[in-house]
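Colleague: What follows is a structure written as structure tokens; I'll ask about it next.
The numbers here are math on the coordinates, done by the rules we state, and not lab data. Just so it is clear, the model here is predicted, and its values are computed rather than measured. In this analysis, Cβ positions are derived from the backbone assuming ideal geometry, glycine residues included, and neighbour counts consider all displayed protein chains.
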Amino acid sequence: MKIGELETRSGASRHTLRYYEQIGLISSQRRTNNYRVYTAQTLQDLDFIQRAQSMGFSLGEIGEILDAQRNKLIDCADGAKLIEKKMAEIKQ
């Protein structure tokens, strides 16, 4: 999907999407006409980013989690533990 469709489906602005791509939270492929093309996985990543931000995670922390997931360094159970830990920090 192109950036306009991703913007509509995710609710994130083009500026935000480009920033997230610049800092490595999401990625795109370029067509020969230089248009960015995003996958369904990008939409899932954006959903995770938005939910994690709403729980108090910084973009840096989110990036670390996404990198660990992409490199198969953590599984869902480990991710849930990180979320529980962050929620406990917020409550204090």
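Colleague: Per the helix-only calculation at 222 nm, which mean residue ellipticity applies to the chain, given -39500 (n - 2.57) for every DSSP H run of n ≥ 4 and division by its residues, nearest 500 deg cm²/dmol?
Modeller: -20000 deg cm²/dmol
Colleague: Quick one, which of [x] 41, 27, 22; [y] 49, 25, 19; [z] 75, 27, 22 is the actual Cα extents along the principal axes in Å calculated for this model?
Modeller: [y]
Colleague: While we're looking at this one, here's another question. Set the Förster radius R0 to 22 Å, insert the Cβ-Cβ distance between HIS15 and ILE90 as r into 1/(1 + (r/R0)^6), and round the FRET efficiency to 0.05.
Modeller: Once the sixth-power term is evaluated, E becomes 0.20.
Colleague: Expressed as a rounded percentage, what relative contact order does the chain have, with Cα pairs under 8 Å and six or more residues apart?
Modeller: It rounds to 22 percent for the chain.
Colleague: Limiting things to C-alpha atoms, what are the Rg and the maximum Cα-Cα separation (Dmax) for segment 47-92, in angstroms?
Modeller: Rg and Dmax of segment 47-92, Cα atoms, are 10.2, 32 Å.
Colleague: Something else about it: What is the fewest-to-most order of ASP75, ASP67 by other Cβ atoms lying within 10 Å of their Cβ?
Modeller: ASP75, ASP67
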